[in-house]
Amino acid sequence: MQHLAALGYRRIAYAGGPVASWSNRARAETLRNVRAESPELDLIESGNFPPFFSGGIQAGDLAIASGATAIVAFDDLMAVGLIYRLRQRGLSVPDDISVSGFDNVRVSRLVWPNLTTVHFPRIRMAIYRAMTAAGGGESRQLISAMGVVYTAIMLIILIIALRFINPTQLVAQVKESRDD
């Protein structure tokens, strides 16, 4: 968890999704756990927004006002809306503020620079949901803990990637590897 502080992030905002969403609860809980283990980090929970482009626009002004250096959006559509709003307000993404999302939907590849996103395998997620619905007691707690750990690992990878990936170099490397 000290990696986040070492990378320079101090204020991370979470633009949450629907209150009733289990994945929203898991993501928020994971961020709170990261915050608890790294007291030098400041977690700003911006609130709950619709999981669409419009939700990102709504979250944008709150993220700016919070002084966040990175924003984790509930999903990619919201993240794209955030980027749109931040640019409307004259900010550069990722130079002034980093934005990331979840779900790896196709629209995440249509923005520039490409959105950093966390991919969740849909089959694994369906199995997780089914097990959660069928389980009880210890099995439910174990499944919940596994989901939190998986989300925490993906968030750490995402935040590290935001700091070190140069989109221009990445495109050049991909083109180079295709030529080989």
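Once fully extended, how much extra length lies between ASP61 and ALA36, figured as 0.36 nm per residue of separation less the alpha-carbon to alpha-carbon distance? Write down the numbers at each step before the final one.
Working: separation 25, 0.36 × 25 = 9.00 nm, distance 2.60 nm.
The span from ASP61 to ALA36 would gain 6.4 nm if fully extended.
Expressed as a rounded percentage, what relative contact order does region 1-103 have, with Cα pairs under 8 Å and six or more residues apart?
Computed value for region 1-103: 29 percent relative contact order.
Test of the criteria: in region 1-85, which GluC sites (Glu not before Pro) are in a DSSP loop and have at most 16 other Cβ atoms within 10 angstrom of their Cβ?
Here the GluC sites (Glu not before Pro) that fit, given the DSSP loop and packing criteria, are GLU40.
Please give, to one decimal in nm, the separation of the simple spin-label points placed at ARG10 and ARG89, each 7 Å out from Cα toward the Cβ.
1.9
Counting other beta carbons within 10 Å of each Cβ, put ILE71, ILE64 in order, fewest first. Spell out each step's value before the answer.
Numbers: ILE71 30, ILE64 19.
Least crowded to most crowded, the residues run ILE64, ILE71.
Taking amide H positions as placed 1.01 Å from N in the peptide plane, with prolines and chain starts having none, which residues 5 or more places from PHE49, or on another chain, fall under 5 Å of its amide H?
Excluding prolines and chain starts, which carry no amide H, the hits are GLY16, GLY17.
Once the piece of chain linking VAL111 and SER54 is laid out straight, how much longer is it, given 0.36 nm per residue of separation minus the C-alpha distance between them?
Values: separation 57, 0.36 × 57 = 20.52 nm, distance 1.58 nm.
Separation in residues times 0.36 nm, less the Cα-Cα distance, equals 18.9 nm.
Values in this text are rule-based calculations from the coordinates and carry no lab data. As the structure is a computational prediction, the values presented were derived from the model and not from experiment. Backbone-built Cβ (ideal geometry, glycine too); neighbour counts: all protein chains shown.
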